[in-house]
Each structure stands twice: as structure tokens, then as C-alpha cells.
1. If you scan region 184-203, which residues turn out to be under 20 Å from Asn59 (Cβ atoms), of a type in the set (D, E, K, R) and loosely packed, with under 13 Cβ neighbours inside 10 Å?
2. List the residue pairs whose Cβ atoms are under 6 Å apart, where the first residue sits in region 378-399 and is under 12 Å from Val431 (Cβ atoms), the second is of a type outside the set (Phe, Trp, Tyr) and part of a loop (DSSP other than H, G, I, E, B), and the two are 6 or more positions apart or on different chains.
3. Return the residue satisfying two criteria in turn: it lies in region 164-174 and is surrounded by 15 or more Cβ atoms within 10 Å (Cβ to Cβ) and under 14 Å from Lys88 (Cβ atoms), and of such residues it is modelled with the highest pLDDT.
4. For region 396-511, which fully contained strands (runs of 3 or more DSSP E) count at least 1 residues that are surrounded by 20 or more Cβ atoms within 10 Å (Cβ to Cβ) and among the aliphatic types (A, V, I, L, M)?
5. I'd like the full set of residues that are more than 27 Å from the chain's Cα centre (by Cα) and under 22 Å from Pro502 (Cα atoms), limited to region 454-469.
Amino acid sequence: MIKKLSFFISILVFGSAFGQKDKEQLQKQNAELKKQISSLNATLNQTKQESKLSIAYLNAVNQKLTLREKVYNNTQKEKRFIEDDIYKRQLEINKNNRELRVLRKNYAEILVKAYKTKGVQNKVTFILSSKNLGEALKRIEYLKRYSEYQDKKAAEISNKAKEIQKNIALKKKSVTEKDNLLLSQKKELGIIEDERKQKQDLLNEFKKNEVKLTAELRQKQAQSKDLERQIRNIIAEEIRIAKAKEEAEKKAEAERKRLAEIAAKKEKERIEAENRAKLAAAEAERKRAEAEAKKAADLAAKRAEEERKLAESNKTAEKKAAIEKASREAAAIAKEKADKLAAAKANEEAINKKNEDAKEEAEKKVMKSYGVGSTVGSNFADNKGRITFPVERGTITHRFGRQPHPVFKNIVEDNIGIKIAVAPGTKARCVFPGVVSSIQSINGTRTVVVKHGSYFTVYSNLASTLVKSGQQVSAGSLIGEVGSDFDDSITLDFQIWSGTNPVDPMGWVSY
């Protein structure tokens with residue numbers, strides 16, 4: 001039974017180690033969630049002077065309520081971890097108390113036994129009553145070990161008592177922590193109820209103004225359709241101009257290439273003529289070197305043959321030495337002529353290579369001077385998913401595509417981009433290098449279209465612009481200040497077009 005209980009406690013201790021980590025993780029999550037709630041409160045306080053009948057405001061309230069509920073749920077889990085810890089501590093205390101009782105019982109038995117053994121009580125008498133010195137030494141060692149054993153048992157009792165006190169203190173700490181958590185939970189519940197009421201009041205306000213708001217919304221949708229039509233026309237015209245320019249550029253490129261090839265051919269012929277004398281001289285030098293090398297090699301072979309024949313005959317030592325000397329000299333001359341031939345060949349190859357390199361470089365220079373092959377394409381598509389966000393900070397209130405209105409379910413929205421709610425004074429920024437294609441003033445607001453090769457980005461609902469048509473812009477360039485929408489929320493309409501087709505910006509920007 002004791003073994004089973006110990007196993008059960010060990011499982012709890014092991015689980016509590018993981019529970020502690022989970023509890024710490026929950027506390028970190030709650031701290032981060034509370035930061036987000038604080039940020040949302042700051043945003044809501046900034047916009048409290050504006051109309052609250054905006055989707056951005058409702059989204060912020062919804063988001064804050066969701067975060068509050070996550071905090072509450074995390075607190076519930078944290079409470080369960082604390083309750084598990086209290087239960088585990090109580091089991092530890094019960095186990096320690098049982099062990100302490102056993103230790104005290106064993107120690108009491110040791111004391112009783114010592115009392116009954118009179119010789120051990122009177123240590124001097126016990127030692128002196130020994131029959132001889134050997135027995136006395138054994139009794140001294142026994143008394144020493146017996147005393148150490150008693151001290152050890154007493155220390156075990158003391159340590160176990162301290163362990164119990166430590167566990168009791170930890171249990172009290174956990175109980176206090178739980179009490180504080182319950183108070184916090186009660187407060188959180190009150191806040192959640194208040195915020196649920198705030199959300200419901202906001203929805204009621206929307207319902208109360210449904211006729212007015214839906215009329216304004218439908219008017220805004222009509223304006224958006226008109227804006228979409230104008231943007232399509234702008235982009236279609238840009239594509240037509242780009243295609244015409246591309247065709248003209250292709251023809252110009254072909255003509256430049258033809259003229260460049262003629263000029264390059266003439267330049268190569270000029271270089272060839274300039275180097276012809278050098279090449280002829282080098283070739284003649286090589287041929288002379290080849291003839292001399294052959295002649296020297298033949299002489300060396302002849303002298304070597306004479307030397308071989310002399311070695312086989314009985315000629316005098318003087319003649320033998322003369323022949324050997326002549327053979328060495330012939331071999332040296334042959335080597336010199338062979339080296340001269342190798343140098344002549346290397347020189348000829350170097351002149352040929354220099355000639356070819358000069359012709360190739362001349363061709364490149366001519367092609368460059370005629371502007372052949374200088375067109376550079378856009379790499380907008382290569383950066384899909386890594387393109388910068390069009391504002392420094394903002395909340396997406398409307399996503400791309402066809403979807404029901406978040407409040408008025410009888411209205412369906414068809415967005416060709418995304419809407420981003422921002423703080424007053426926020427400036428839209430260009431998401432990628434390009435050229436400002438067009439700036440339009442539509443329905444009292446401004447729209448900027450930026451061309452990135454075959455792609456376009458559109459920044460609508462601007463109160464003012466900071467760029468000019470035809471201007472080169474880079475990623476991060478300020479486009480203009482974001483204006484207010486019909487519901488008084490500060491909202492940027494942002495779109496990405498691939499040719500004449502709008503695409504979902506969320507698949508392109510890094511958000």
C-alpha cells in the first residue's frame with residue numbers, strides 16, 4: 001500500500017513540474033494579452049470623439065472582448081494548476097508526517113534500549129569492565145558508532161520536520177495565490193460583462209441607425225464601383241501604352257542590334273587589320289624557330305650517333321673527348337633552339353588571344369553604345385509574401401472578396417482590396433519600388449495608382465497626396481495622408497492588380 005501511494009505521489013510531483021511550466025506559460029500569455037488590451041484601449045480612446053458607428057470601432061471592441069475572454073480562460077486554467085499544487089503539497093505533508101512518526105517511534109525504541117543497557121549508559125564502567133585491552137577498544141568503537149547512529153536519527157527527525165514546515169509554507173503561499181487569483185477573476189468577469197454590454201449597446205445603436213447607415217453604405221458601394229471602373233480604365237490605358245511602347249522598343253531594339261552588328265563588324269575588321277602585321281611577324285618568327293630547332297636537333301642527333309660509334313671503336317681518348325664535347329654543344333644548341341621555338345609559339349598564341357579579346361570587347365562596347373539588350377524587367381512577383389504593409393500600423397476591417405457585412409447581414413460586400421483602419425494623421429506608404437502612374441480625385445478623396453512592371457498598387461481614400469504623376473518611388477515612400485470614410489473612421493483602401501485583375505493583397509504583403 002505504501003509503495004502504491006509513493007508511486008502515486010511521484011506521478012503527481014512529476015506532473016506538477018510540467019504544470020509549473022504550463023502555469024508560467026499561461027502567466028506570460030496573460031501578460032501579453034493584457035498589453036494588447038491596453039493598446040486597444042488606447043486606440044479606442046483616440047477615436048472616442050469620432051462616430052462609434054464604424055466597423056473599425058466595432059472590430060476593436062470585439063477584439064478586446066475576445067482578448068478578455070482569453071485572459072479569463074487562461075486564469076481558469078492557472079487556478080486549476082494552483083489547486084493541483086495545493087493538493088500535491090497536502091499529500092507531501094501527509095507523507096512527511098507519516099515518515100516523521102515512524103522516525104520518532106524508531107528513535108524512542110533506540111532510547112529505551114539504551115536505557116535498559118546499563119553498561120552503555122555508564123560509558124566509563126562499560127569500557128573499564130572489559131576483560132582485556134582488545135575488548136576495551138572494541139567497546140570504545142561500538143560506543144562511537146552507536147552515538148553517531150543516534151545523532152543521525154535525530155538529524156533525520158529534524159530535517160523531516162523542516163521539510164514539513166517548508167511544504168506547509170508553500171501550501172499557504174499557493175492558497176494565498178489562489179485567493180488573489182479568485183479576486184482577479186471576479187474583477188475580470190465584471191469587466192467582461194461591462195464590455196459585453198458595451199458591444200450590445202453598440203450593436204443596438206447600429207440597428208437604430210440601420211436605415212441611415214445602410215443607405216450611406218450602399219452609396220459608398222456605388223462610389224467604390226465607380227472608383228473600380230476608373231481604376232480599370234487607368235490600368236487598361238497603362239497596359240495599352242506599355243504594349244505599344246514594348247512593340248516600339250522591340251523594333252528599335254532590332255534596328256539598334258542591326259546597326260550595332262554592322263559597327264561591330266567594322267571595328268573587328270579594323271582590329272584584325274591592325275594586328276595582321278604582328279600576326280605575320282609572329283608566324284614568320286615561329287617558322288624560323290622551327291627550322292633552326294629542327295637543324296639543331298638533327299646536328300645533336302648526328303653528334304650523339306658519332307659518340308655512340310666512337311664508344312664502340314678503339315679511337316684515342318683525345319678524339320673521344322672531342323666528340324663528347326661536340327655532342328654536348330650540339331645538345332645545348334638544340335635545347336636553346338627548342339626553347340626559342342616554344343617562346344615563338346607562346347608569343348603567337350598571345351597575339352592571337354589578345355586579338356580575339358580586343359574584338360570581343362569592341363563588340364560589347366559597340367552593342368552597349370547602341371543600347372542593345374538594356375531592358376530591365378520588374379521583380380514585383382518574385383517578392384510575393386514579402387512586400388511591405390501600406391501603413392506602419394493598422395487593423396484590417398474588410399478583407400478581399402465577396403462576404404456579408406459584419407453587422408447588416410442583408411448587405412453583401414464585394415471588395416477588390418482590403419480596408420485598413422488607422423489612427424488619425426497616418427500616412428500611406430508605397431509597398432514596392434515603382435512609378436506613380438496616376439493620381440485621381442474621386443468623390444472628394446484622392447487615389448494614387450503606382451505601376452510596378454505588369455503589376456499595380458492602388459491607395460484610395462486619401463485626404464491629401466505627397467507624390468506626383470510620373471514620379472519614381474521606392475518601398476516606404478510616403479504616398480499621402482489617409483482620410484476618413486463615410487462612417488468617420490480613418491480607413492485606407494488598398495488594392496493590388498495583376499494586369500487588369502485585382503488580387504488578394506493578403507497573399508502579397510507581409511502583415
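1. Filtering region 184-203 down to residues under 20 Å from Asn59 (Cβ atoms) leaves 191-192, 194-203.
Remaining after also requiring of a type in the set (D, E, K, R): 194-197, 199, 201.
Of everything in region 184-203, those that are under 20 Å from Asn59 (Cβ atoms), of a type in the set (D, E, K, R) and loosely packed, with under 13 Cβ neighbours inside 10 Å turn out to be Asp194, Lys197, Asp201.
2. Sorted first by the residue in region 378-399, then by its partner, the pairs are Phe380/Gly453; Arg386/Ser510; Ile387/Val431; Thr388/Val431; Thr388/Ala475; Pro390/Val431; Val391/Val422; Val391/Thr426.
3. Start the filter on region 164-174 by keeping residues that are surrounded by 15 or more Cβ atoms within 10 Å (Cβ to Cβ), which leaves 164, 167-168, 170-171, 174.
Within this subset, residues satisfying the condition of being under 14 Å from Lys88 (Cβ atoms) are 167-168, 170-171, 174.
Working: Asn167: 77, Ile168: 81, Leu170: 78, Lys171: 77, Ser174: 75.
Applying the filter and picking the extreme gives Ile168.
4. Output list reads 418-421, 427-429, 434-442, 445-452, 455-465, 478-482, 491-498.
5. Once the filter is applied, which keeps residues that are more than 27 Å from the chain's Cα centre (by Cα) and under 22 Å from Pro502 (Cα atoms), region 454-469 yields Ser454, Val458, Tyr459, Ser460, Asn461, Leu462, Ser469.
Condition check ((1) farther than 21 Å from Ala236 by Cα; (2) touching a Phe, Trp or Tyr at 6+ places or on another chain (Cβ under 7 Å); (3) of a type outside the set (Lys, Arg)) across all residues:
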site	(1), (2), (3)
Phe456	no, yes, yes
Thr465	yes, no, yes
Thr491	yes, no, yes
Pro502	no, no, yes
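The values are calculated or read from the model by the stated rules, or taken from the named source; none is laboratory data. Note that the coordinates shown come from a computational prediction; the quantities given were computed from them, not determined experimentally. With ideal geometry, Cβ positions are generated from the backbone for all residues, glycine too; neighbour counts draw on all protein chains shown.
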